[in-house]
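For reference, the structure discussed in these notes is given below.
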Amino acid sequence: MTKSDAQPLEEITQLRATLDEANYRYYVLDDPTLTDADYDRQFQRLQELETEHPELITPDSPTQRVGAAPAEGFPSVAHAIPMLSLDNAFSREDIHAFAERVAERLECTADDVEFTCEPKLDGAAVSLVYEQGVLVSGATRGDGRTGEGITSNLRTLRSVPLKLRDSNVPALLEVRGEVIMRHAGFEALNERAREAGSKVFANPRNAAAGSLRQLDPRITAKRPLEFHAYQAARLEPDLGDTSHSELMARLATLGFRASSELKVIKGPQAVADYCEQLGEKRDGLGFDIDGVVIKVNDLRHQRELGFVARAPRWAVAFKFPAQEEVTTLNDVEFQV
Ligand SMILES: CC(C)(C)c1nc(N2CCN(c3ncccn3)CC2)c2cc(C(N)=O)c(N)nc2n1
């Protein structure tokens, strides 16, 4: 009688905790502790134990990330809070005008408004819903009000926690973020596609969106996708966080990847400087961004400012000029 036969649940629980922590460190902190070989060995051990004791399998086990394909297409999912779009700013003057509009409504001066700035990742926006700390639903943005239910596909992303990491998990949490594919993963995927004579993607954004909409999660599981959180859209009970930057720090402790470039910045002048500096770093990031998302940091002020039509008054996207994309058709290069 070996140790594990006596109490498989103890070894299973320990393996799950180790693998979840290794996932978090690798995919969220970019600070891996386990080697891939170590991870794979413990993952296989967990699979063995769960095969011997199927009654001990739980949906949030690391072995349950890749499920079966849904019968036919994706179900429609209505977003509890619409995933709105963003107004654009194209110049320093536009940033100042946005800050002045905000200041006027908040009855303060533009230089007193505290903003956050973060890269606007060029991927596919999705929404994740957690109940009692467990992932229950994942959907595409769709038209902002209704998206496609792609939970089984989103579960395959190692940067999507199957259960929240913290001890005091909220009863309900809806996290919104962008799924991206890095340039290296994109080039490798297209190289494999060219060799296999299958579909080549025009750019990483299309590759990310297309990979999320695969009917078979086993295909999504093989695609190099990362989830980057950008908003806690719903949080019950309200944990008292009073700013976007605090909420993003809480999302990081709950197991999500939040932007390392997120900065709290006061006044439009410094915001415009951040945009200029990020624009200079753009080509070296290793993934596509198409600007900076500038938000009013204080959550009470966000609520006071609300939304116009489909976009919030409290946020604007500063857009960089489109990067000329080179596409090849039968080996002839076209500038588009
Ligand atoms: C929370 C708000 C609503 C202000 C918000 N909305 C966003 N988006 C809305 C428009 N979106 C959209 N997508 C497709 C068509 C129209 N609009 C795409 C997401 C954000 C996108 C990013 C990003 N990409 O990195 C980000 N760091 N923060 C965001 N924050």
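The values are calculated or read from the model by the stated rules, or taken from the named source; none is laboratory data. Model, not experiment: these values are computed from the prediction. All Cβ positions, even for glycine, are placed from backbone atoms using ideal geometry, and neighbour counts span all protein chains on display. Note: accessible area is taken over every heavy atom of the protein model, side chains too, but ligands, DNA and RNA are not part of it. Shrake-Rupley method; radii C 1.70, N 1.55, O 1.52, S 1.80 Å.
Taking label points 7 Å from Cα along the Cα-to-Cβ direction, residue 97 and residue 183 give a separation of 3.3 nm.
Once the Cα atoms are used to define both axes, helix 268-281 deviates from the longest principal axis of the chain by about 50 degrees.
For the residues 317, 232, 80, a GNM of the chain with alpha-carbon springs under 10 Å puts the largest fluctuation on 80.
Quantify how much of the Cα-Cα distance distribution of the chain extends past 29 Å, in percent. Please list the in-between numbers first.
Details: 24738 of 56280 pairs.
Every Cα pair in the chain considered, those over 29 Å come to 44 percent.
The alpha carbon centroids of the stretch 225-254 and the stretch 49-66 are separated by 29 Å.
Residues whose amide H comes within less than 5 Å of that of residue 241, counting only those at least five positions distant or on another chain, are absent (H built at 1.01 Å from N in the peptide plane).
Residue by residue, the stretch 133-150 carries 3J(HN,Hα) couplings of x, 10, 5, 10, 7, x, 9, 6, 5, x, 8, x, 9, 10, x, 9, x, 10 Hz when phi is fed to the Karplus relation 6.51 cos²θ - 1.76 cosθ + 1.60 (θ = phi - 60°); x denotes Gly or Pro.
Given a 1.4 Å probe, how much area per residue of the chain is accessible, in Å²? Intermediate values should be presented prior to the final figure.
Working: 16940 Å² over 336 residues.
Result: 50 Å² per residue.
Computed from the C-beta positions of residue 40 and residue 85 and an R0 of 41 Å, the FRET efficiency is 0.50 to the nearest 0.05.
Given 266/295; 199/222; 222/295; 163/199; 263/319; 120/163, which pairs have Cα atoms separated by over 23 Å? Mind showing how you got there, number by number?
Values: 266/295 11 Å; 199/222 15 Å; 222/295 34 Å; 163/199 34 Å; 263/319 17 Å; 120/163 26 Å.
As for pairs spanning more than 23 Å Cα to Cα, those are 222/295; 163/199; 120/163.
Remark: the residue 276-residue 236 segment gains 10.7 nm on full extension, using 0.36 nm per residue and subtracting the alpha carbon distance. Applying the criteria of a DSSP loop state and at most 16 other Cβ atoms within 10 Å to the GluC sites (Glu not before Pro) of the stretch 178-280 yields 261.
Over the chain, with a Gaussian network built from C-alpha contacts below 10 Å, which listed residue (270, 252, 221) shows the highest mean-square fluctuation? The residue with the greatest mean-square fluctuation here is 270. Of the solvent-accessible surface of the chain, computed with a 1.4 Å probe and all protein chains present, 51% belongs to carbon and sulfur. For the stretch 207-254, report the % of Cα-Cα distances exceeding 13 Å. Beyond 13 Å sits 65 percent of the P(r) for the stretch 207-254.
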